[in-house]
Amino acid sequence: MDRYLDRIDAGRRLGKMLAPRIDGPAVILAVPRGGVQVGAQVAEALHAPMIPLLVRKVGLPEQPNVVVGAIDADGAMTFTDLAKDSGLLPAEMESMGEDVAIRLTQWRRAFGAPDPAKVVRSHVAVIVDDAIITGLTTRAGIEFLRRRGAERIVVAVPCGVASSLEELEKMGVELVVPVRVSKREEVDRCYEHLPEVTAEEVADLLARGGLSQPQGMNVGQAGDRSLRLVDSRAVAHKAVLRLPSGIGPWPGVVLAGKGVHPGTSAGEALAARLEEAGLASLRLELEGGASEEAVLEVALDALSARPELDPFRLGLLGCGRAAPAAVEVASGDKRVAAVAVVAPPGNLELPDHSLVVDDGVLDARSIDRIGRWLGDRLRPA
């Protein structure tokens, strides 16, 4: 058996497997606590946001390690035949579920967990845990997400018990499980080290995941901020800065050219995708005043001066006629670590660290491609 060093190693390997299989924007739904440590690495690989999936096992009162059911954040409970065979009365099972539900409510408050319904309807929902043994919590999570409107659900775990995985497959979800074992005792042997994951570490990872607001942490709020950038000819250029939520400093990307300037739907969609990838963006109006190259330099200066951003991890995206200016600035400015161009002129010479999108219209697929590519260059896993 190919063993993982720890959950971080497992998450990195899992992320590499998932990246080519997810062909659209995704959200990682990580099961606390161990699943959050794995999920953080998967989120980095997919340049996707991460939120907690609040599901929890229900054990016998006298033997908590004997799992007889699971409960989700709505309080919906799933019990196995073992619960009935053990002689538990319906009222006893309900009482057990209520005790666990209280813990989930505490988690929701402590981790500042958002409602998944806000993101799963437009994203591939990727459930991540450190292992699947009975599959009960995963089953509860799947049913919970479907009630929230999720259409495509992928369950990704480093290892799992084959019989439990087969039951999950019957629910019509996609499974990505590199290591399958026949007995639950073999799951722990998939890892060389399985240290305890603290609540503080979970809160920190979720804060960095971008959408959660853990208690007691200074987490930045996402949103647009209108700016006026003045060039060397004293001409003001409209610009809209979007910062991700979470903990910075973040890389930043200047978006310029027809189709992505302030007020356009494609520019808004691209800024939203970059936000999910943990990248700040500055949508810029180029027309008028100094040369396009000079205005782009002013924009880079503005990003470099902001304390929320990393001045050495900046990128440029130029659309149409703005593409040559973006390439020209990228070739001479050491702050620019990546440049992407959309529908560039045919004779444009491109540097090595560049992406070309030939489509004249930015659709959802090309926007996701740009987001992932810029994430790979500016926020490598």
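Per 10 Å bin, what percent of the C-alpha pairs of the stretch 7-209 does each bin hold, from zero upward? All Cα pairs considered, the percentages come to 9, 37, 39, 14, 1.
Within straight-line reach of LYS334, meaning a Cα separation under 18 Å, there are no lysines at least 8 residues removed in sequence or on another chain. Would you work out the relative contact order for the stretch 227-319, in percent, from Cα pairs under 8 angstrom that are 6 or more residues apart? Relative contact order for the stretch 227-319 comes out at 39 percent. Here the simple spin-label model places points 7 Å from the Cα toward Cβ, and for GLU186 and ASP301 these points are separated by 6.4 nm. Bridgeable lysines around LYS57 (alpha carbons under 22 Å apart, same-chain partners fewer than 8 residues away excluded): LYS84, LYS170, LYS183. In plain terms, the chain from GLU200 to LEU350 could stretch by 49.5 nm, reckoned as 0.36 nm per residue minus the Cα-Cα distance.
Relative to the longest principal axis of the Cα atoms of the chain, helix 34-46 runs at roughly 30 degrees. A straight line joining the Cα centroids of the stretch 1-30 and the stretch 122-143 runs 14 Å.
To the nearest ten degrees, helix 7-18 and the longest principal axis of the Cα atoms of the chain are 60 degrees apart. Normalised radius of gyration (Cα atoms, divided by 2.2 N^0.38 Å) for the stretch 223-378: 0.92. Dividing the alpha-carbon radius of gyration of the chain by the rule-of-thumb value 2.2 N^0.38 Å gives 1.11.
Angle of helix 323-332 to the longest C-alpha principal axis of the chain, folded into 0 to 90 degrees and rounded to 10: 90°. Computed log10 I(q)/I(0) for the stretch 294-333 at 0.24, 0.28 Å⁻¹: -0.80, -0.99, from the Debye equation with unit scatterers placed on every C-alpha and solvent omitted. Note on HIS193 and LYS16: with the Förster distance fixed at 35 Å, the Cβ-Cβ geometry gives a FRET efficiency of about 0.95.
Remark on the stretch 231-297: Rg and Dmax equal 12.5, 37 Å (Cα only). Every helix of 4 or more DSSP H residues in the chain counts as -39500 (n - 2.57), and over all residues that averages to -11000 deg cm²/dmol at 222 nm.
Here r is the Cβ-Cβ distance between ARG3 and GLN106 and R0 is 30 Å; the resulting FRET efficiency, rounded to 0.05, is 0.30.
With the charge dipole of the chain set up from +1 on Lys and Arg Cβ and -1 on Asp and Glu Cβ about the Cα centre, the Cα lying farthest toward the positive end among the listed residues GLY24, ALA234, SER304 is that of ALA234.
The numbers here are math on the coordinates, done by the rules we state, and not lab data. The structure presented is a predicted model; accordingly, all values stated were derived computationally and were not measured. Ideal geometry is used to build each Cβ from the backbone, glycine not excepted, and the neighbour counts take in all protein chains shown.
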